[in-house]
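To keep things clear, I will list the structure first and then write my remarks on it.
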């Protein structure tokens, strides 16, 4: 009987250990991320695709002044190959007032796309090292803040050829072609060179949409 009692106690202890281990939660089990680059010449975006499991969220990157929540951040290690322009760009976050904490919460759930804009300064291809940090929560509790490193590859850009100053002054309408056959279109009072392989109509629409994203 003593042996059976000892075995039963051992089984209970093992079961308790398994339950305890199963309750351990890690931020990286609730949130996954992937970083890529969207590039159009010297203008590029570092793009983070952030996905959360059901019922979990991360806080917005741009929180109101005085907020107690920990903002989601994308930090880029500076180098001479690029220049960062502005902070994290994000879609409109979900808003919820927490009655218990007496705080307004701004957060993202499911999948969200976050971006950092850069201007490429290098003629050679290069890499950018960065870090992604966040705190994830559900309706009951939050896990400790987490940070992870990432690396993305960016293509270098050849210097732009100088355009004659009078080219646009003498232009009629919103399209002009220089002596080398390069085509330029005017969108929102600015001239843009149409990349090789793109139609004027397509590139006008592309620039218009990009301009809306800038706001």
Item checked: Relative contact order of segment 175-214, pairs being alpha-carbon contacts under 8 Å that are 6 or more residues apart, as % -> 27 percent
Next item on the list: Would you please put 197-206, 35-44 in order of how densely packed they are, using the mean number of other Cβ atoms within 10 angstrom per residue and starting with the highest?
Entry: 35-44, 197-206
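Starting from the Cα gyration tensor of segment 175-214, take the square roots of the eigenvalues, sort them a ≥ b ≥ c, and report rounded, prolate or oblate (rounded when a/c is under 1.5, otherwise prolate if a/b is larger than b/c, else oblate). Provide the component values of the computation, followed by the final result.
Working: a/c = 2.76, a/b = 1.72, b/c = 1.60.
Because a/c hits 1.5 or more and a/b exceeds b/c, segment 175-214 counts as prolate.
Between rounded, prolate and oblate, where does segment 40-79 land on the alpha carbon gyration tensor, with a ≥ b ≥ c its root eigenvalues, rounded for a/c under 1.5, else prolate if a/b exceeds b/c?
Numbers: a/c = 2.78, a/b = 1.52, b/c = 1.83.
The shape class here is oblate.
Per Stokes-Einstein, at 20 °C and 1.002 mPa s, what whole-number D in µm² s⁻¹ belongs to segment 27-154, with the Kirkwood radius over Cα pairs as the hydrodynamic radius?
Estimated diffusion coefficient is 138 µm²/s.
Values in this text are rule-based calculations from the coordinates and carry no lab data. Just so it is clear, the structure is predicted and the values come from calculations on it, not from any experiment. Here Cβ is always computed from backbone atoms with ideal geometry, including for glycine, and neighbour counts include all displayed protein chains.
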